[in-house]
Amino acid sequence: MSIDEIKIGGLGASRRRVEDNRFIRGAGNYVDDITLPGMLHMEILRSPLAHARIKSIDVSAAWAVPGVRLVLTGEMMASRNLAWMPTLSYDTQAVLATDKVRFQGQEVACVVADDPYIAKDACEAIVVDYEPLPPIVNPTQAMASGAPVIRDDKVNQQDNVVFDWDVGDKDGTDRAFAEADVVSEIELHYPRSHPSPIETCGSIADFDRSTSKLTVYMTTQAPHIIRAAVAIVAELPEHMIRIVSPDLGGGFGNKVPVYPGYVASILASILLERPVKWIEDKSGNLISTGFGRDVYLRGQMAMRQDGRILGVRMHTDSDHGAFFSDAQPSKFKIGLMHSAFACYDIPTAHLTSRGYYTNKAPGGVAYRCSFRVTEAMFFQERMVQAAADDLGMDQAEFRRMNFVQDDDFPHRTAFGFLTDSGQYAKCLDIGLKAVGYDDFLKQKEEAKKRGRLLGIGISTMTEPLGAGNSREYDILGIKMFDSAELRVHMTGKAILRTGAKTQGQGHETTWAQIVAHELGIPAEDIVVEEGDTDTAPFGMGTYASRSTPVAGAAVAMVSRKIRAKARKIAAHLLEVSEEDVDWELGRFFVRSAPDLGVTIQECANAAYSNMPDGMEPGLENNAYYDPPNLTWPFACYIATVEVDPLTGVWDVLNMVAVDDCGVRINPMIVEGQIMGGLTEAYAMASMQFITFDNEGNCIGSNYMDYLLPTAWETPGFELHEVVTPCPHHPIGAKGIGECATVGGPAAFVNAVMDALKDTGVRNIDMPLLPDRVHEALTEQHDVSGAPPLRTDS
Amino acid sequence: MYPSRFSYEAPTSIDEAVELLRLGAGEAKVLAGGQSLLPMMKLRFASPGTLIDINNIPDLAYHRADADGTYRIGALCRHAHLEKANGLAEIQPTIAAAAPLVADPIVRTRGTFVGSVCHADPQGDWASVMIALGGSVVAQGPDGSRSIPVSDFVSGPFQTVLGFDELAIEAVVPAPVGDRAGGYLKLERRVGDFATAGVAVSIERSGSSVARAGIGLTGVGSSTIDASDAAASLVGGNLTDDEIARAAELAASASRPRSDHRGSADYKRHIVATFVTRLLSNLQLTNQEAA
């Protein structure tokens, strides 16, 4: 009698992604696909220099180009109090430069013209007279005495320090180190990377003077936050602002911040009273928008001789670029860096962090990472491997003996997070078995005798996904909850809207599966819409793997509200009291007479045609969900590699992933997320970085220098799963989107370092380019990857 | 990515193309595969006044061996044509080894061999291969055609001796002296990346004795490098381990790499030596073969 949940596309169904129907036909609707009547085009002139005083800007030749409608400079923005805008981290950022340019690629002027070719030609006609200043490309330079103050626009800013911050127990940690038998150390740089969504950022601002309404089609992962920001920055009434985020070609954190191009296109539309489109080019995206990482980490681990970890010290120096526009919960200056070591039972820890301004692009975003968790977990797993080596212990056993045990939950981490569930040792065991750990260790010894270098690297971690709870997590004071609204129509079909914003995660598919699970309405009968602030309920958007933990929970909760009302309707239709009605998937029935029942579709019909006396008609509701805690998925990644000792080239022999993200809504999508994340992890470990030379030139401003991995060189991955349901999430799910990007890099790097163990080299900075590996092998010293780039001149 | 304004011509004969080049007076560029030119135009690194698209000229897509063993590649022969050519490894082993390593499969379906040589990117693969093979380029101008050895053809980074009114219509590899063997190795950070370093090797020998050798180096100088001393050192020898080691050392010292984000200069020189050694060691004959 009861419905087969998999058949209706419910929980656990590897349902094909409904959005792919239009994507694979080229029928997606991205910002650049939208054309409005009378639309003009905007291009941005960017600074060629990293640090320079602007002596003058001559725009007369640009105005003279036929078809030019508007030329905007910082001076014009300043006259409207728009030269600077607030960032998501309580700093300010130049919209268009006025006094100085502070990074290569900074926005200096904008041209609006009849077509983008004209706008680009006119940009080239603008003459800017720069007086070069010494550029700063790393924290060491930023903290040097006599360093130029980059943010001399800020009153009271005497140096290049953005913040000093610490968390944990300093005294307790000092005591732990005093009692330690062994202390291990490691120091490394997590290089600057870039989310590089395939679609760049862009907007179409459309200000309608007759209604005073501003509509902005925009590439944003968080349309509601943008609406609030526009209301504040542009001083427009919030109800007269409509932000529409249509199909997004990826985001990975890059599309969370507010960028100068958005603001300039909005002002241009208001001034010209015509729609103004701005589409960033690829270089503009790479050179100016939210980057990831660029953190220098060092630390120590205190241990007993038997391998028990007693305490950890960590310090980070982070490079934020010219403006502190990181996207992260306001309370945490270096994001959730202190989630490091959460999977290990460590009594005490202390983290100190200092942020620096440099002459580099601003906007440390969580590149497929829950707020600096990628750096935290990379450091953790590099530290753990170094510690195991120093102790002479097997790296798997060292992890196992220090794991939080299955019956120790809930567990308070040394930095104060509360983890709630997991089976860490089980995941590790599955991973070791899959990779053939013991056999590989033997193979490695055999290979060594023949001059071949094999290595194995492990990375195990639990990470905090799904900010927030509202007690601790907010952005600019707005609490990090999320929402869903469900309308069930008379025929039992439904529309669901949430405050999240899909950008490849497959919300249109998976949200419907949650509704199907809760109500028994087939997933194909539910349409999902997100991204239009005029129709979607308020939410904080999609990043930090928060959609399923927060918005997904709201989808379950609103479905339950609908079911509660449907139960009353069912009782009315069945002519029994509500207490006598039971539920099975898709159907209410009389407990004492199970054959007597009504389907959810019949209840929906009655909600519009035959409701009980006194009941409000209709079957729709909304839910705002404030999660009690973060979710804590666990992952175990193990890579094996062979290093060519003559060239330093390394090949991945095997990569095994064991992920426990709790209950899986759509296993196929989960696997896709893990494979995508491992691919990005492999890229960061092997080839990908943005660096800078002594002049502050960005090396990595195009896709010949900044490499995205392709199917040709990316290794295969073997995936395994463990399911430990989240105890507080309504359907037991945990975040997954970012686990592999976060945990993956350390597995590859640890594997290469394991192959090089006999050299005594402790660290090679990512990416492990062949020349770096070769240098470590032949020179037997650590290899730093910190900018400035080593060149001949 | 919006290029500057340009005009577009699509001639249907070589003569018409040459006339358009003449009229272009140095402001015209030839469009064949466009895999380097179009990105450079979009970045506005190149802003030609006129694009002369030669894709409508018939009978230029060939690659063929003459009866005497001379091998000819027409101006519209795509990389993929060579990659997929049956039996190429037997007659042109260096070309066959390089073809699947050029850029990525997408570029290989559009980009052309001759266009790549004319682009004269120091990181281009085909110029190295042509140097190793002692090949030449046939240029057609208003007053007739001439043949230019590739070692003279490339005059600097992205520069050739081709006149503004000349169209490169064919690449020619001379017939081998004896048996031809060779190979190509390239180190790249990722498929489709420019070479960190690349080495093309070709030898021709009678029995076990090397009659002719060529070594071209990719991405380790401001233009493609002809490691002629290294190649000359092999002639008359039998590819002994000592001879190979000497050639590797000479090739490395002929390279002029710069340190950059792909690797240090020292590392690139080391890769040149390693690749020369690997390539030549693969060509060593077993005693049985030599006999």
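The rows are residues; the columns are (1) touching a strand residue (DSSP E or B) at 6+ places or on another chain (Cβ under 8 Å); (2) over 23 Å from B:Arg269 (Cα atoms); (3) crowded, with 24+ Cβ neighbours inside 10 Å; (4) away from chain B (no Cβ under 14 Å).
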residue	(1), (2), (3), (4)
A:Thr679	no, yes, no, no
A:His720	yes, yes, no, yes
A:Glu738	yes, yes, yes, yes
A:Val742	yes, yes, yes, yes
A:Met753	yes, yes, yes, yes
Inset, instruction - Check whether at least one residue in region A:775-784 is over 23 Å from A:Ala635 (Cβ atoms) and facing chain B (nearest Cβ under 10 Å), and report yes or no. - result: yes
Inset, instruction - For region A:67-83, enumerate the residues that are under 32 Å from the mean Cα position of the chain (by Cα) and without any contact (Cβ under 8 Å) to a residue 24 or more places away in the chain. - result: A:Asn81, A:Ala83
Legend entry - Count - residues of region B:175-189 that are touching a Pro at 6+ places or on another chain (Cβ under 7 Å) and within 14 Å of chain A (Cβ to nearest Cβ): 1
Legend entry - Residue selected from region A:753-793 under the condition in contact with a Phe, Trp or Tyr (Cβ under 8 Å, 6 or more places away or on another chain) and aliphatic (A, V, I, L, M), by the criterion nearest to A:Ser318 (Cα to Cα): A:Ala786
Inset, instruction - Residue by residue through region B:98-137, note down the ones that are among the small types (Gly, Ala, Ser), within 12 Å of the chain's Cα centre (by Cα) and away from chain A (no Cβ under 14 Å). - result: B:Ala98, B:Ala99, B:Gly115, B:Ser116, B:Ala120, B:Ala127, B:Ser128, B:Ala132, B:Gly134, B:Gly135, B:Ser136
Inset, instruction - Could you check region A:98-204 for helices (runs of 4 or more DSSP H) lying wholly inside it with 1 or more residues that are crowded, with 24+ Cβ neighbours inside 10 Å, within 26 Å of the chain's Cα centre (by Cα) and modelled with pLDDT of 95 or more? - result: A:139-143
Inset, instruction - Considering each residue of region B:142-161, count those that are touching a strand residue (DSSP E or B) at 6+ places or on another chain (Cβ under 6 Å) and in a loop (DSSP other than H, G, I, E, B), and give that number. - result: 1
Legend entry - Total residues in region B:1-23, condition more than 14 Å from chain A (Cβ to nearest Cβ) and in contact with a Phe, Trp or Tyr (Cβ under 7 Å, 6 or more places away or on another chain): 1
Inset, instruction - Output the residues belonging to region A:304-320 that are under 22 Å from A:Asn402 (Cα atoms) and surrounded by 24 or more Cβ atoms within 10 Å (Cβ to Cβ). - result: A:Ile309, A:Gly311, A:Val312, A:Met314
Inset, instruction - With the condition kept exactly as written, say whether any residue in region B:124-133 is under 19 Å from B:Leu76 (Cα atoms), surrounded by fewer than 24 Cβ atoms within 10 Å (Cβ to Cβ) and either touching a residue at least 24 places away in the same chain (Cβ under 8 Å) or charged (D, E, K, R) (or both). - result: no
Inset, instruction - Scan region A:725-751 and report the pairs whose first residue is under 17 Å from A:Gln395 (Cβ atoms) and whose second residue is part of a loop (DSSP other than H, G, I, E, B) and not polar (S, T, N, Q), with Cβ atoms within less than 8 Å and a gap of 6+ or a chain change. - result: A:Gly743/A:Glu463; A:Pro745/A:Met766; A:Phe748/A:Leu768; A:Val749/A:Met766; A:Val749/A:Leu768
Legend entry - Lone unmet requirement of (1) of a type in the set (A, V, I, L, M, F, W, C); (2) in contact (Cβ under 8 Å) with a residue 12 or more places away in the chain; (3) surrounded by fewer than 24 Cβ atoms within 10 Å (Cβ to Cβ) for A:Ala564: (2)
Inset, instruction - Only residues that are buried (at least 24 other Cβ atoms within 10 Å of the Cβ) and hydrophobic (A, V, I, L, M, F, W, C): list them for region A:231-247, please. - result: A:Ile243
Legend entry - Filtered residues of region B:47-68 (kept if among the small types (Gly, Ala, Ser), touching a helix residue (DSSP H, G or I) at 6+ places or on another chain (Cβ under 9 Å) and more than 14 Å from chain A (Cβ to nearest Cβ)): B:Gly49, B:Ala61, B:Ala65
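Per-residue answers, yes or no, for (1) surrounded by 12 or more Cβ atoms within 10 Å (Cβ to Cβ); (2) under 23 Å from A:Thr200 (Cβ atoms); (3) of a type outside the set (Lys, Arg):
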| residue | (1), (2), (3) |
| --- | --- |
| A:Ile3 | yes, no, yes |
| A:Glu19 | yes, yes, yes |
| A:Gly26 | no, yes, yes |
| A:Pro37 | no, no, yes |
| A:Met42 | yes, yes, yes |
| A:Ala50 | yes, yes, yes |
| A:Ser60 | no, no, yes |
Inset, instruction - Determine if region A:230-240 includes at least one residue that is under 20 Å from A:Cys369 (Cα atoms) and not in a strand (DSSP E or B). - result: no
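Matching residues to (1) surrounded by fewer than 23 Cβ atoms within 10 Å (Cβ to Cβ); (2) within 11 Å of chain B (Cβ to nearest Cβ); (3) at pLDDT 95 or above:
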{"residue": "A:Gly672", "(1), (2), (3)": "yes, no, yes"}
{"residue": "A:Ala683", "(1), (2), (3)": "no, yes, yes"}
{"residue": "A:Ser686", "(1), (2), (3)": "no, yes, yes"}
{"residue": "A:Gly696", "(1), (2), (3)": "no, no, yes"}
{"residue": "A:Ser701", "(1), (2), (3)": "yes, yes, no"}
Inset, instruction - Need at least 2 residues that are away from chain A (no Cβ under 14 Å) and either closer than 23 Å to A:Gly648 by Cβ or modelled with pLDDT of 95 or more (or both) per element, so show me which helices (runs of 4 or more DSSP H) inside region B:222-291 make the cut, counting only ones lying wholly within it. - result: B:228-234, B:241-254, B:265-283
Inset, instruction - Kindly indicate which of B:Arg64, B:Arg78, B:Arg110, B:Arg44 is closer than 30 Å to A:Pro116 by Cβ, without any contact (Cβ under 8 Å) to a residue 60 or more places away in the chain and not hydrophobic (A, V, I, L, M, F, W, C). - result: B:Arg44
Inset, instruction - Evaluate region B:200-219: report whether one residue or more is more than 22 Å from B:Leu101 (Cβ to Cβ), modelled with pLDDT under 95 and in a loop (DSSP other than H, G, I, E, B). - result: yes
Inset, instruction - Could you list all residues from region B:190-204 that are closer than 16 Å to B:Pro174 by Cβ and either within 14 Å of another protein chain (Cβ to nearest Cβ) or surrounded by 24 or more Cβ atoms within 10 Å (Cβ to Cβ) (or both)? - result: B:Ala200, B:Ser202, B:Ile203
Inset, instruction - Would you be able to say whether some residue in region A:345-360 is in a loop (DSSP other than H, G, I, E, B) and either assigned by TED's automatic domain parsing to the domain that holds A:Tyr90 or among the small types (Gly, Ala, Ser) (or both)? - result: no
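The values are calculated or read from the model by the stated rules, or taken from the named source; none is laboratory data. Please read these numbers as outputs of a predicted model, since none were measured by experiment. Cβ coordinates were reconstructed from backbone atoms using ideal geometry, including for glycine residues, and neighbour counts include every protein chain displayed.
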